[in-house]
Amino acid sequence: MILVTGGAGYIGRHLVAELLTTGHKVLVVDDLRSGNRFNTEGVPFFAANVGDATTMREIFSTYRISVVIHLAGSIQVGESMRHPEIYWENNVNAAHRLFDCAREGGVKRVIFSSSAAVYGEPLRTPIPEDHPTKPISPYGETNSLWKTSSGGSLRQPFFGISMPPVRMRHIVPKLT
Ligand SMILES: NC(=O)c1ccc[n+]([C@@H]2O[C@H](COP(=O)([O-])OP(=O)(O)OC[C@H]3O[C@@H](n4cnc5c(N)ncnc54)[C@H](O)[C@@H]3O)[C@@H](O)[C@H]2O)c1
C-alpha cells in the first residue's frame, strides 16, 4: 500500500488518481489546511497532520504501507518569507516526525517532493541535477535540507530508508 501525504492537494489528487489507475492500493493523510477533501472509493482518507506522531504510528501499525510519497508541505515562497517558522515546523519538523514513524513502521521507501526553489537563482537552465543548491527563501531552504548534496544530514537518522528527492516539475506534466 502507498501512503500519499498531502493527497488532497494539487499534485496529490492527480497522483492518487494515477496510482489507482495503475492498480496500486492508496491511503491518504491530509489535514486539509489547503487541500479539499475528496472521497474516492477504496481510498482510506485521514484528516490528520503528518506531524502528529500518535496518529501516524496508529496508521503505520494498522496498514501495511511499503512506500510513502510525501507531498504534505507548505509551499508559498512569499508566505515563507513572512512566516519562516511555519515552514520550519511543517516542512522540517513535521516531516521528521513522519519519517520517524515510517521507519518504526518498517517503511523502506519514501519519495520526498522537493522543489526547484532549492536552487535559488540558477546559474543555468535547464537546471541539471548536480547544480549547486543556494535557496533564497525559507521555502527553498527547508526543502533543500532533505536533499543529499547539500545539508543532507537531516536524512541520516533515516538510513535504511531509501529517500530520493523528486522535483515535481519533472513529473507533473505527465500527471496532468
Ligand atoms: N505545485 C507545484 O508546482 C510544485 C512545484 C515544486 C514542488 N512542489 C512540491 O510538491 C508538494 C505538493 O505541492 P502541491 O502543489 O500539491 O501543494 P498543495 O498545497 O496543493 O498540497 C499540499 C497538501 O498538503 C496538505 N498539508 C500540508 N501540510 C500538511 C501536514 N502537516 N499534514 C497533513 N497535510 C498537510 C495540504 O492540506 C494540501 O492538501 C509540496 O511539497 C511542494 O513543495 C510543488
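The values are calculated or read from the model by the stated rules, or taken from the named source; none is laboratory data. Predicted, not measured: the structure shown is a model, and the values here were computed from it. Cβ atoms come from the backbone with ideal geometry, glycine included; neighbour counts cover every protein chain shown.
Pick out the one residue from SER66, SER74 that is under 18 Å from PHE112 (Cβ atoms) and touching a Phe, Trp or Tyr at 6+ places or on another chain (Cβ under 7 Å). Working first, answer last.
Working: SER66 fails: touching a Phe, Trp or Tyr at 6+ places or on another chain (Cβ under 7 Å).
SER74 is the lone residue from the list that is under 18 Å from PHE112 (Cβ atoms) and touching a Phe, Trp or Tyr at 6+ places or on another chain (Cβ under 7 Å).
Restricting attention to segment 34-45, the residues that are more than 9 Å from the ligand (Cβ to nearest atom) and crowded, with 18+ Cβ neighbours inside 10 Å add up to 1. If you take the residues in segment 99-113 that are at pLDDT 90 or above and touching a strand residue (DSSP E or B) at 6+ places or on another chain (Cβ under 7 Å), which one is nearest to ARG57 (Cα to Cα)? Per the stated criteria, the residue is ALA102.
When we screen ASP52, ASP31 for residues that are closer than 30 Å to GLY120 by Cβ, modelled with pLDDT of 95 or more, surrounded by 17 or more Cβ atoms within 10 Å (Cβ to Cβ) and out of contact with any helix residue (DSSP H, G or I) (no Cβ under 7 Å at 6 or more places or on another chain), the only hit is ASP31. Restricting the search to helices (runs of 4 or more DSSP H) fully inside segment 26-94 and requiring at least 2 residues that are more than 23 Å from TRP146 (Cβ to Cβ) gives 53-62. Among the residues making up segment 81-124, those that are within 15 Å of the ligand (Cβ to nearest atom) and either among the polar types (S, T, N, Q) or without any contact (Cβ under 8 Å) to a residue 12 or more places away in the chain (or both) are HIS83, GLU85, ASN90, ASN91, ASN93, SER113, SER114, SER115, PRO122. Checked across segment 117-137, the condition of being at pLDDT below 95, in contact with a Lys or Arg (Cβ under 7 Å, 6 or more places away or on another chain), among the aliphatic types (A, V, I, L, M) and farther than 24 Å from ALA17 by Cα holds for at least one residue.
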